[in-house]
Amino acid sequence: MTTEQTADWTVFDTTAAAEADLRIVDQFTADPQRLTRMSVEAAGLYLDLSKQSWSRRAFETCIELAYDAGIKTAIARLFAGEPINSTEGRAVLHPALRARADGQYEALGEPVSAEVDAVRADMAAYATAVRSGVETGATGKPFQAIVHIGIGGSDLGPRVVWDALRPLSPDIDLRFVANIDPRDMAEALTGLDPETTLVIVVSKTFTTQETLANAEAARAWLAAGLPDAGRDKHFIGVTAAPDRAREFGCARTFAFRDWVGGRYSLWSAVSLSCVIALGPEVFEALLDGAREMDDHFISAPLEENAPVLMAMAQVWNVDGLNRPARTVAPYAHALRRLPSFLQQLEMESNGKRVHRDGTSVDRQTCPVVFGEPGTNGQHAFFQQIHQGPQVVPAEFVVVRSTQDPAPEAPLWANALAQAQALMIGKTEDQARAELLAAGASPAEADRLAPHKTFPGNRPSTTIVMERLTPQTLGALLALYEHKTFVEGVVWDINSFDQWGVELGKVLARAILKDVAAGAPSNDLDPSTADLLQRLTP
Ligand code: F6P
């Protein structure tokens, strides 16, 4: 099973050209089954894609394209642990991290599940010991705070999980440090006592400049407040390079393998801090939800497959209708970090311009992904989404109310209203009539009506979470992972490398050398040389 299929886009392109002016609202009458056809339930999530800009024909064309691109084979290859990260020769096996105990996963033919189970058990035992006070710090006091140091995939996933699931008064205070700006560390350490603080350094490679600099700073902070004996109990490493972590000074490490991509790693020991702060049962439930989404992804036909539908809506918007941005608005304060998480997941995975064989992509790939929690975003950039000249597809994530009166109702009512307003809009005639009805003169109504007109016909997807639980959160994050994977297959790009972040890292090291030398090197361009001199103290 090694063949890769590439899709034929001809029908997709002709359908998109034919449907450029289609009105979404009209499609509900054209296809009475539209809502059923374009909505799906999976793993405690309900997805409504009926407000997307596709007719029934376009929807079916997109599904055909997905079949044509070989999604079913690609899913099988992913789950079989084949080297689908072709530029690094690696398997991509994050689903193995959330498999049931005694799974049968193999990466490049090597069994991995026993090791996954062992690390998970080790994490649970350690977390229980820390939570119960059996595992103490150097001076015998129980740990009350964790400082999680990591960046990118070693930060964003656990942060989403903690923000979404943290109790209001947690027994263990969990703080995150990512930025190399010392201010980030200083803020995180404020009010903490080294005697009761556990520092967890998370880095897949253990070479990341920001993380190592922050780890050094945290280590110095621990050294200033603790005796030598037992101090290493406060400084834990999580990594795919345990030798490097030990060399750095982490006596105890929790490991994962290179077949876990950084931005897909929250299911691994990368979330150790959450396992401790939330408890192993919560983490297990998160994995359960993700596994339910895996099962759905593997088994559902493509036309009823949640990640596939999400992916194809995006491909339709980006490639069919030339809409190179998408906004994500979680209408739940607990999910406020979701847009940042998705920015890395999607843009680092699919922000690519060459196919898997190295030839140029002549279509659009990943859109710009941005967002804010609702309703905050409504009072910031939604003006542009409603009336700007570009069409920016939107995604609303809402949580179903379970209480009466429903505390979430003001949130989801706003989300529903936004999605409706984006789709139906308001014509200039309607705007003028409203102005006249409100007492404006005809001249005043004519003057103001264009400003109060909404073009409408702007697409959105709404995702309803059946309560915000560890399970549904796991399902939601896995949904987005698989969506990202499907897009990569359809665009025929490698979603699992990130060479685009390397050049800047190399140049930053060179600039720091120049700073140390006290002068810009000769090969710096005039602008960068001037900026360097202005900034050098
Ligand atoms: O610079 C990007 C990146 O390589 C991400 O892919 C990764 O998640 C992040 O840096 C952190 O890397 P590490 O976990 O190796 O410190």
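The values are calculated or read from the model by the stated rules, or taken from the named source; none is laboratory data. Quick caveat, the model's predicted, so the values are computed rather than measured. No Cβ is skipped: glycine too gets one built from the backbone with ideal geometry, and neighbour counts run over all protein chains shown. Surface areas here come from the heavy atoms of the whole protein model, side chains and all, with no ligands, DNA or RNA. Shrake-Rupley method; radii C 1.70, N 1.55, O 1.52, S 1.80 Å.
The table for this structure:
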quantity: Residue in region 145-164 that is polar (S, T, N, Q) and not in a helix (DSSP H, G or I) present; calculated: no
quantity: Single residue of Ala255, Ala269, Ala240 found to be within 14 Å of the ligand (Cβ to nearest atom) and farther than 18 Å from Ala101 by Cα; calculated: Ala240
quantity: Check on Leu448, more than 30 Å from Arg98 (Cβ to Cβ), touching a residue at least 12 places away in the same chain (Cβ under 8 Å) and in contact with a Pro (Cβ under 6 Å, 6 or more places away or on another chain); calculated: no
quantity: Single match in Glu372, Glu408, Glu395 (criterion: open to solvent by 60 Å² or more (accessible area, probe 1.4 Å), in the same structural domain as Ala7 (by TED's automatic domain parsing) and under 24 Å from the mean Cα position of the chain (by Cα)); calculated: Glu372
quantity: From Ala277, Ala251, Ala269, residue being modelled with pLDDT under 95 and under 18 Å from Val130 (Cα atoms); calculated: Ala251
quantity: Among the residues listed as Gly103, Gly109, Gly70, the single one being touching a helix residue (DSSP H, G or I) at 6+ places or on another chain (Cβ under 9 Å) and at positive phi; calculated: Gly70
quantity: Looking only at region 460-500, and only at residues there that are touching a helix residue (DSSP H, G or I) at 6+ places or on another chain (Cβ under 7 Å) and open to solvent by 40 Å² or more (accessible area, probe 1.4 Å), the one that is nearest to the ligand (Cβ to nearest atom); calculated: Gln498
quantity: Ala220 vs. criteria within 23 Å of Arg183 (Cα to Cα), away from the ligand (no atom under 14 Å from the Cβ) and open to solvent by 30 Å² or more (accessible area, probe 1.4 Å); calculated: yes
quantity: Hits in region 65-85 - residues which are more than 27 Å from Ala313 (Cβ to Cβ) and touching a residue at least 40 places away in the same chain (Cβ under 8 Å); calculated: Ala80, Gly81, Glu82
quantity: Residue, farthest from the ligand (Cβ to nearest atom), within region 140-170, restricted to residues that are surrounded by fewer than 15 Cβ atoms within 10 Å (Cβ to Cβ) and over 18 Å from Ala285 (Cβ atoms); calculated: Gly140
quantity: From the options Arg56, Arg120, Arg34, Arg98, residue that is free of Cβ contacts under 8 Å to residues at least 40 places away in the same chain, open to solvent by less than 10 Å² (accessible area, probe 1.4 Å) and not small (Gly, Ala, Ser); calculated: Arg34
quantity: Long-range neighbours under 6 Å by Cβ, at least six apart or interchain, first residue modelled with pLDDT of 95 or more within region 496-514, second within 11 Å of the ligand (Cβ to nearest atom) and not in a helix (DSSP H, G or I); calculated: Phe496/Gly261
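To keep it simple, each residue is scored yes or no on (1) on the phi < 0 side of the Ramachandran plot; (2) among the β-branched types (Val, Ile, Thr); (3) in the same structural domain as Glu60 (by TED's automatic domain parsing); (4) touching a residue at least 12 places away in the same chain (Cβ under 8 Å).
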site: Ala220; (1), (2), (3), (4): yes, no, no, no
site: Arg231; (1), (2), (3), (4): yes, no, no, yes
site: His234; (1), (2), (3), (4): yes, no, no, yes
site: Phe254; (1), (2), (3), (4): yes, no, no, yes
site: Leu278; (1), (2), (3), (4): yes, no, no, yes
site: His296; (1), (2), (3), (4): yes, no, yes, yes
